[in-house]
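Reading through the structure tokens given below for one structure.
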Amino acid sequence: MVNAKKNSLKKLGLSIIILIVINGLSILYFKRFDLTQDGRYTLSETALSIGRKIKSPLVIDIYLEGEFPAELRRLQTETRQLLDEFNAQNANITYRFINPLENEKESGRIMQSLAEEGITPMNITLLDKGKQSQAVIFPWAIVTYNNLSVKVPLLKTKLGATTEQNVINSVQNLEYVFAEAFHKVSEPKQKKIAVLRGNGQLHDIFLADLLRSIRDSYYLAPFTLDSIEKNPKKTLEQLKQFDLAIIAKPTQKFNDAEKQVLDQFVMKGGKTLWFLDAVSIDIDSLYNENGSTLAYPTDLGLNDLFFKYGIRINPTLVKDIMCAPISLATGKQGNSTQYSQFPWFYYPMVYQSMEHPIVNNIESIKFNFANGIDILKNDVQKTVLLQSSPYSRRVGAPVEVSLSMVNERPEQEEFTGGGNIPLGVLLEGKFTSGFKNRILAFKDVDFKEESIHNKMIVISDGDLIKNQLDKEFRPLELGYDKWTNMTFGNKDFIINSINYLLDDNGLINIRNKKVNLPLLDKEKVYQQYTYTQIITVGLPIVILILFGIIITWVRLKKYSY
């Protein structure tokens, strides 16, 4: 008995020593284990790098608290677990969940206050046991760091998607949106964007929502090419101070001096984002007595540059069965005009067609009178980001376009074999100057015939970047169509494009992360509701009772005399 007691004390002492050593090592060496198959809770190196730069308290207010259906509770849980991972890596990152509707008496005032800050509520339709119900949620978070705050949208919606599918898309995007927010509040703005003027580009009011959305991340300034006539060399030197140039729907032809400035900006590392029309037509030109207009080719003088870069924008209109609707007046009821929606084949609606961080997990994108792009062979890598559906075709210009098209019945044979037309292309590599082996428009001792490794994106629709205006001529959200009350993914696509072109820390690549969230088959559950309850609730209790009985029986048998 004495020896047994001594052995027990030795074992106890040894166990205590081992526990002390393990605890000491755990303080020195931190490690968390992610046992999920898709590495859902393993932060990317980019996210970790951004998180480590937080040197003072960063607080995240998440307005996703309250009684939610299972789908939204999943979003709530995944958000909590992701932020737990950030907090485990850096204790300065903290969060709290807030229920903005907890106080019913104050809920109206609070909702109005949040709406003024841009935190708009969302009405969702819930389906439970065949019954529909409505719920109001605030799927937003606010990240605050050193008196600087940014909003973070938590729920991404897609046209026609269920709440479950939207939640899965949102969970997949969580790491990116939070890492981007941390980067915005912790890193000073460095990159500069020039919005080009001087060739009939869109007015600022039609770019207002986009510029408002990116101004926290980048320096923005208008840049006019008018001064090229007096001092083209100085204009080029000034443009080179910018990292990206946005050319938004020019309508006037570029002369050789302007093209040389843009070409040398590209050759010397400047990124460019082009929104161009090769055919002149606007939906407003159809609202006349005849309800028709002529679409005709327009020459911006840029064909020779793009030919060298490796693409060609054709003077053709893309006609697509997969299209967005147009709203037309169809009669009157009393003093009110009645509107109906009709498919409009010249408004291609482009869905995600490839795995690329720019287009991954975004809503469908709406084009207005898009033109087809040809991909030419050279050493520059081309990635087709956006393309029409398989049931689309090109229509050569000039061509008459009439509102009476809404009465046409599309024939599938007419659209077979000519689809998948490129509408947006990413070009990466070393570009050859459009002025190589040509007489220069102005003397430039620093002229370069080939660029360093560079990137540009070309979109064959100038209206893709254009936001609509409300009745008071205030800019609406980019991608929102006030006539059909539909929101498209134009804004996300453009912001992703800008981030990709200017991103030097790999933040945009987080969007490629894939999260596998298995969906529960609700219909099957409803059909076997009692059986499911027994399996999920009753069986674990029975197992625990049996386990307790077996342990008790073993102990009685072992220690009974």
### Message
At 0.36 nm per residue, and after removing the present C-alpha to C-alpha distance, how many nm does the segment from Asn231 to Ala88 gain when stretched out fully?
### Response
45.9 nm
### Query
Any idea how far apart Glu428 and Thr77 come out in nm if each label point goes 7 Å out from Cα toward Cβ?
3.7 nm
### Task
Using R₀ = 30 Å, calculate the FRET efficiency as 1/(1 + (r/R₀)^6) where r is the Cβ-Cβ separation of Lys192 and Lys482; round to 0.05.
0.40
### Query
Within region 409-464, which trypsin sites (Lys or Arg not before Pro) sit in a loop by DSSP and count at most 14 neighbouring Cβ atoms inside 10 Å?
Lys436, Arg438, Lys443
### Task
Go from 0 up to the bin containing the longest alpha carbon distance in region 302-418, width 5 Å each, and give me the % of pairs per bin.
2, 10, 15, 18, 18, 14, 10, 6, 3, 2, 1, 0, 0
### Query
Quick one: ranking Asp304, Asp463 by accessible area, 1.4 Å probe, largest first, what do you get?
Asp304, Asp463
### Query
For region 308-398, with every protein chain kept in place, what is the accessible area per residue (1.4 Å probe, Å²)?
42 Å²
### Message
At 24 angstrom or more along the helix axis (alpha-carbon based) and mean Kyte-Doolittle of 1.6 or higher, what helices does the chain contain? Whole DSSP H runs only.
### Response
539-559
#### Entry: Heavy atoms of His203: accessible area, 1.4 Å probe, square angstrom to 10
130 Å²
### Query
222 nm [θ] for the chain, helices only, -39500 (n - 2.57) per DSSP H run of 4+, per residue, to 500?
-9500 deg cm²/dmol
### Only Lys, Arg (+1) and Asp, Glu (-1) charged, at Cβ; the chain dipole about Cα centre in debye
2720 debye
### Length gained when the stretch Asn407-Tyr531 is fully extended (0.36 nm per residue, less Cα-Cα span)
39.4 nm
#### Entry: Heavy atoms of Tyr480 accessible to a 1.4 Å probe, total area in Å² rounded to 10
60 Å²
### Message
For the full complex of protein chains and a 1.4 angstrom probe, list Ile16, Ile137 by accessible area with the highest value first.
### Response
Ile16, Ile137
### Query
Residue separation times 0.36 nm, minus the C-alpha to C-alpha distance between Phe442 and Gln468: what's the value?
5.4 nm
#### Entry: Sites matching trypsin sites (Lys or Arg not before Pro) across region 176-236 that sit in DSSP coil, with at most 14 neighbouring C-beta atoms within 10 Å
Lys189, Arg215, Lys230
### Task
Report in % the part of the accessible area of the chain that belongs to carbon and sulfur, leaving out ligands and nucleic acids; probe 1.4 Å.
54 percent
### Task
Sorted from largest down, give the three principal axis spans of the alpha carbons of region 353-456, whole angstrom values.
60, 36, 22
### Message
On alpha carbon coordinates alone, what is the Rg over Rh value for the chain, Rh being the Kirkwood radius?
### Response
1.07
### Candidates per chymotrypsin sites (Phe, Trp or Tyr not before Pro) in region 221-326, loop by DSSP, up to 16 other Cβ within 10 Å
Tyr287
### Query
How would Tyr531, Tyr95 rank on accessible area, largest to smallest, probe 1.4 Å?
Tyr531, Tyr95
### Message
Within region 250-275, name every residue whose backbone N is under 13 Å away from a label modeled 7 Å from Cα of Gln238 along the Cβ vector.
### Response
none
#### Entry: Exceeding the 26 Å Cα-Cα cut-off - candidates Lys271/Lys308; Lys189/Lys259; Lys151/Lys191; Lys158/Lys192
Lys189/Lys259; Lys158/Lys192
### Query
Among Asn199, Thr46, Phe307, whose Cα lies farthest out toward the positive end of the dipole of the chain, if unit charges sit on the beta carbon of Lys, Arg (+1) and Asp, Glu (-1)?
Thr46
### Query
With +1 on each Lys and Arg Cβ and -1 on each Asp and Glu Cβ, how big is the dipole of region 229-377 about its Cα centre, in debye rounded to the nearest 20?
340 debye
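The values are calculated or read from the model by the stated rules, or taken from the named source; none is laboratory data. In this text, all values refer to a predicted model and were calculated from it rather than measured experimentally. Neighbour counts are summed over all protein chains in view; Cβ atoms, including those assigned to glycine, are modelled from backbone coordinates with ideal geometry. Areas reflect the complete protein model, heavy atoms only, side chains present, ligands, DNA and RNA absent. Shrake-Rupley method; radii C 1.70, N 1.55, O 1.52, S 1.80 Å.
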